[in-house]
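A short reminder: the numbers here are calculations on the coordinates, not readings from a lab. Just so it is clear, the model here is predicted, and its values are computed rather than measured. Glycine gets a Cβ as well: all are built from the backbone with ideal geometry, and neighbour counts include every protein chain shown.
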Amino acid sequence: MASTKFTILARSFSTSGAVNQLIKPPIQVFGIEGRYATALYSAASKEKKLDAVEKELVQFQGVLKSDVKLNEFILNPTIKKQTKTEGVKAIASKAGLSPASANLLQILAENGRLKKLNGVINAFKTIMSAHRGEVQCEVTTAKPLDQAQRQKLEGVLKSFLKGSQSLHLTANVDPGIIGGMIVSIGDRYVDMSVSSKIKKYTDIISTPV
């Protein structure tokens, strides 16, 4: 049943009457947002508008953050679906959005899912990052990394990459880990923080003999 619904969703993005085979993204994204983002990827791929659609949606995401009235219109659950559908059609037309981007807004409005728009855009950005061969990596340390430390860390992390993949590093700071670092790269997760070691030893000590 879920597969059938997804196929119908993906087809609804198509601007032609022909039923084409779905183009699978390079990475699987989950949840409702993931299904819409995956269908959008397939539609934009067929139109050869992947980069254009990503650019449009990132810009639209920025507008939503700065335009209070537009954001309220998108999120307000009391506005009727028909009103929202007509509204996003006008917005898409005025903004000159491509058919795939415009269809995304319309379908979300028709299905009462516009509140998921930000999540859908983020899921699509994740797919596009994988499409470009980028490997997302998050590193959390107790103190900010200096330039030398960051370069050395990047050198080590790049050894995990394959072929034409490129590293996209995000550095976070969390004093709560005390020291060491937490690294998440692709589907790998390594907790080398001092706080996790303290917890591990505390659990061992606390366990009754």
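List of remarks:
- With the highest mean first, a sort of the peptides 92-105, 57-70 on other beta-carbon atoms found within 10 angstrom per residue produces 92-105, 57-70.
- For L167, distant residues with modelled amide H under 5 Å away: V135
- The antiparallel fraction among DSSP beta bridges confined to the range 73-209 stands at about 55%.
- Look at [x] 1.15; [y] 1.08; [z] 0.93: the one that is Rg/Rh (Cα atoms, Kirkwood Rh) derived from this structure is [y].
- Crossing angle, helix 194-206 versus the chain [Cα axis fit, 0-90 degrees, rounded to tens]: 70
- DSSP beta bridges in the range 133-206 [antiparallel fraction, %, rounded to 5]: 55
- In this simple spin-label approximation, V156 and K89 carry label points 7 Å from Cα along the Cα→Cβ vector, and these lie 5.7 nm apart.
- Close amide-amide hydrogen proximity is noted between G179 and V194, S195, each under 5 Å apart and 5 or more residues distant or on a separate chain (H modeled in the peptide plane; Pro and chain starts excluded).
- Potential lengthening of the chain between D191 and V173 amounts to 5.1 nm, from the contour at 0.36 nm per residue minus the alpha-carbon distance.
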